[in-house]
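The values are calculated or read from the model by the stated rules, or taken from the named source; none is laboratory data. Keep in mind that what you see is a predicted model, and the values were worked out from it rather than measured. Methodologically, a virtual Cβ is constructed for each residue, glycine included, from the backbone with ideal geometry; neighbour enumeration extends over all protein chains shown. Side chains are part of the model used for accessible areas, which takes the heavy atoms of the whole protein and leaves out ligands, DNA and RNA. Shrake-Rupley method; radii C 1.70, N 1.55, O 1.52, S 1.80 Å.
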Amino acid sequence: MADEKSFDHLYENLILIDGAANLVHKKFTRDQESVIQRAKDAGVQKIMVPGSSVKSSKEALRLSRIYPGIVYSTAGIHPHDSKSIQEEPDSWLEFSAIAQAPECVAIGPCGLDYQRDFSEPEVQKEIFEKQIQLACQLDKPLLIHERSAQEDLLEILKKYPEVPQVIVKGFMGTTDEALKYLGRGFFLGLTGYLCKDKSDTGVRKLLEDGTLAVDKLLVESDSPFMYPNTRASKLPQHVKTAITERSLLFLHRYCTFQRNEPCSLPAIVEMIAAFMKKTPEEVALATAFNALKLFGLSQ
């Protein structure tokens, strides 16, 4: 493994951007400031904090105002929470106001999730469309969450050719599903799920065979979820040895299966780079550029 000094040299001139870290989750209630500082120490200079309900979107916006230039928020109604808008129609007005704030850089995560039935599919579709329309109105990118619902999701999006850029958050699908998204010009966000994926038709293959180019890629810690288990037995040896000591230091000292943190992002970038047979420098630079462009951020 590379030593700490070589890691510092590699990242000293780069911006690592976390495309999604759920810092308003209750697991971060007591130490948000320390978590953000650790992320900065690890080389993560900007963090997108998604809102998945009216309440969490408001909390994410508040956090972005406490840490301007570092934390940015998104405003979304997650498919699981769709019924809350239908049950309380007035809450949509509050949500729309949150979405208009300049610190809010995207609409979502929104979309369809048919793996669980927290909200009926028809309700999910209705609220999803409302958020697409809002993204078009505000000219902000759309952050997509989709599970077992790609066909319906793409059918809905066909009705909105004017929709701004689309990012598929935390992509965990097959290469065929990826090709459908990439064929529409969408960006894919990847997480520590790479350590779990063992399929010959999944995320790893996307990287190994060049299906997913770096110019369509974002990296996400998805904290406190998706802990990148670099000790996983199915993780190829060449990927394990590509992870630097300094990345492992942050990962093993501060992150666990119960609570992942944004400071795990360098390890995720290094894993992705190893699968793609690229340098971490290339992946960090490309994904940071993509995020800056998509979310309209300044360096």
Dipole-positive endmost among Phe275, Thr256, Asn290 within segment 148-299 (Cβ charges, Cα centre)
Thr256
R0 of 30 Å, Cβ-Cβ distance Thr201-Phe289: FRET efficiency to nearest 0.05
0.55
What ³J(HN,Hα) values, in whole Hz, does the Karplus curve 6.51 cos²θ - 1.76 cosθ + 1.60 give for segment 101-106 when θ = phi - 60°, with x put for Gly and Pro?
4, x, 6, 7, 9, 7
Starting from the alpha-carbon convex hull of the chain, give the projected area averaged over all orientations, in nm².
14.0
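Rolling a 1.4 angstrom probe over the protein heavy atoms, how many square angstrom per residue are accessible across segment 40-96? Walk me through the numbers on the way to the answer.
Details: 2460 Å² over 57 residues.
Value for segment 40-96: 43 Å² per residue.
Take the solvent-accessible surface of the protein heavy atoms, probe 1.4 Å, and return the percent of it on the chain that carbon and sulfur atoms account for.
On the way: 6340 of 13120 Å².
Result for the chain: 48 percent of the exposed heavy-atom area is carbon or sulfur.
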Using 7 Å Cα-to-Cβ label points, what is the Glu88/Thr29 separation (nm, one decimal)?
1.8
Starting from segment 232-283, pick out the chymotrypsin sites (Phe, Trp or Tyr not before Pro) whose DSSP state is loop and whose Cβ has at most 13 other Cβ atoms within 10 Å.
Phe257
Dipole magnitude of segment 130-280, debye to nearest 20 (Cβ charges: Lys/Arg +1, Asp/Glu -1, about Cα centre)
380
Let's see if you can work this out: charge +1 on each Lys and Arg Cβ, -1 on each Asp and Glu Cβ, no other charges. What is the dipole magnitude of segment 1-142 about its Cα centre, in debye to the nearest 20?
300
Which whole-number value in Å² is the accessible area per residue of segment 201-274, probe 1.4 Å?
36
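What's the magnitude of the charge dipole for the chain around its Cα centre, counting Lys and Arg as +1 and Asp and Glu as -1 at the beta-carbon? Answer in Debye, nearest 20. Don't skip to the end; give the middle numbers.
Numbers: 36 positive and 41 negative charges, 126 e Å.
Dipole about the Cα centre, nearest 20: 600 debye.
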Alpha-carbon centroid distance for the pair segment 160-207 / segment 50-92, whole angstrom
24
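With only alpha-carbon atoms in the gyration tensor, what are the semi-axes of the equivalent ellipsoid for segment 216-299, in Å, largest first? Please report the intermediate quantities before stating the final value.
Numbers: eigenvalues 94, 54, 21 Å².
Ellipsoid semi-axes (Å, largest first): 22, 16, 10.
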Quick check on the chain: helices-only [θ] at 222 nm, where DSSP H runs of length 4 and up contribute -39,500 (n - 2.57) each and the sum goes over total residues. Nearest 500, please.
-12500 deg cm²/dmol
